[in-house]
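Below is one structure, written out as C-alpha cells; comments come after it.
The values are calculated or read from the model by the stated rules, or taken from the named source; none is laboratory data. Given the structure is predicted, the values throughout are model-derived calculations rather than measurements. Ideal geometry is used to build each Cβ from the backbone, glycine not excepted, and the neighbour counts take in all protein chains shown.
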Amino acid sequence: MNSNASNTPIAIGISQIFPCSYLDGQQEQLLVIQEETLDPILFDRLLAIGFRRSGSAIYKPRCPRCSACQPIRLPINEFMPSKRQKRTLAHNRDLTWRMTSEHTEAQYALYEKYIRERHFDGPMFPPSKSQYEQFLFCHWLPPTFIEVYDGNRLLAVAVTDTLPNSLSAIYSYFDPDEERRSLGSLLILLQCRLAKLQDKEFLYLGYQIDANRKMSYKRLYRPYQILTPQGWEYSQVC
C-alpha cells in the first residue's frame, strides 16, 4: 500500500487466526499496519478504508469465513439526535464536561470500576493499569479525553482520537452506579458535538456487529454510514 501523503510504501502484515472475542464459534484474523509511526493525515485515510486503532497498533479484520465487522461512521453535518437522545441530553444538563490530554489516576480508577462491574465476563477482565495503557495510548497520536463531571466527581470518560477530517471514538467508560443517566449515549452525543465544533466531517464509531447484541447501540445514531465492498453507504435500516 502507498501513502498518498508521502508516496512511500506502507508495510502491512497479517495475523495468525485466533478465536473471535465478539462472536462465539468464529475465528478472527487481522491485517496489521507494520509501521512504528503514522502521520495523522494517513491514519485518517486508513480510517476511511476500515482500519482501527488499539494502542499503537492499526488493524482491520480480514477473517477467513466471516465479514460481520462493519466499519460505521456518522456524517456529522447530517446527524440529528433522536427524541430519546434529546431526553438524555436534557436529563444530564446538571453535568459538566471538558476536554483534556491529561491522563489521571481518577480516569483509571473509573475504568477499573467499570470493567469489574460491567465486563467481568469479558476479555478485558481483570483490569490492570498496563492493559489500560496498552489498549488506549498511542505513542504517535496522544488521545483526547472527554470527561463528564457531577460537581467534582468524575462520572464518565470518552477516549477519542482527533484527526484532520474526523474524530475516532476509541473507548468509553462510566460509573456503573449512574446507569439511569445513559452515560454511554451521552458520551457519543458529546463526541458528535465536539466533532461539529471542530468542523470535522465524520465521527468513526469502530465496528458494527449485528450478531452481537452489545454492539447494536451504534445503529441508534442516525444517519450513519456502513463501509461495504462498494464503499461507504447510508444504511436503510430503520
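Looking only at region 125-157, filter to residues that are hydroxyl-bearing (Ser, Thr, Tyr) and farther than 23 Å from residue 43 by Cβ; which one of those is surrounded by the fewest Cβ atoms within 10 Å (Cβ to Cβ)? For region 125-157, the residue satisfying everything is 130. Restricting region 56-74 to residues that are part of a loop (DSSP other than H, G, I, E, B) and among the hydroxyl-bearing types (Ser, Thr, Tyr), the residue that is farthest from residue 16 (Cα to Cα) is 56.
Residues in region 95-114 that are farther than 28 Å from residue 38 by Cβ and outside any loop (DSSP other than H, G, I, E, B): 96, 97, 105, 106, 109, 110, 112, 113, 114.
Restricting attention to region 135-152, the residues being over 13 Å from residue 108 (Cβ atoms), under 15 Å from the mean Cα position of the chain (by Cα) and not in a strand (DSSP E or B) number 4.
Take residue 99 and decide whether it is surrounded by fewer than 18 Cβ atoms within 10 Å (Cβ to Cβ) and closer than 25 Å to residue 226 by Cα.
Values: surrounded by fewer than 18 Cβ atoms within 10 Å (Cβ to Cβ): yes; closer than 25 Å to residue 226 by Cα: no.
Considered against the rule, which asks whether it is surrounded by fewer than 18 Cβ atoms within 10 Å (Cβ to Cβ) and closer than 25 Å to residue 226 by Cα, residue 99 comes out as no.
Taking the numbered list (1) assigned by TED's automatic domain parsing to the domain that holds residue 132; (2) in contact with a helix residue (DSSP H, G or I) (Cβ under 6 Å, 6 or more places away or on another chain); (3) surrounded by fewer than 17 Cβ atoms within 10 Å (Cβ to Cβ) in turn, residue 79 passes all entries but (3).
Anything in region 190-205 that is closer than 27 Å to residue 106 by Cα and surrounded by fewer than 19 Cβ atoms within 10 Å (Cβ to Cβ)? List them, or say none. Before you say what the answer is, go through the steps one by one.
Here is the first cut: in region 190-205, the residues closer than 27 Å to residue 106 by Cα are 190-195, 197-198, 203-205.
Residues satisfying the conditions are 193, 197, 198.
For residue 155, state whether it is in contact (Cβ under 8 Å) with a residue 60 or more places away in the chain, assigned to a helix (DSSP H, G or I) and more than 29 Å from residue 140 (Cβ to Cβ). Here the answer is no, as residue 155 does not meet what is asked.
So the check is Cβ under 8 Å with 6+ separation or different chains; which pairs have a first residue in region 122-138 that's more than 14 Å from residue 56 (Cα to Cα) and small (Gly, Ala, Ser) and a second one that's at pLDDT below 95 and in a loop (DSSP other than H, G, I, E, B)? Cβ pairs passing all conditions: 122/21.
To keep it simple, each residue is scored yes or no on (1) more than 18 Å from residue 170 (Cα to Cα); (2) in contact (Cβ under 8 Å) with a residue 40 or more places away in the chain.
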{"residue": "20", "(1), (2)": "yes, yes"}
{"residue": "52", "(1), (2)": "no, yes"}
{"residue": "64", "(1), (2)": "yes, yes"}
{"residue": "67", "(1), (2)": "yes, no"}
{"residue": "93", "(1), (2)": "yes, no"}
{"residue": "113", "(1), (2)": "yes, yes"}
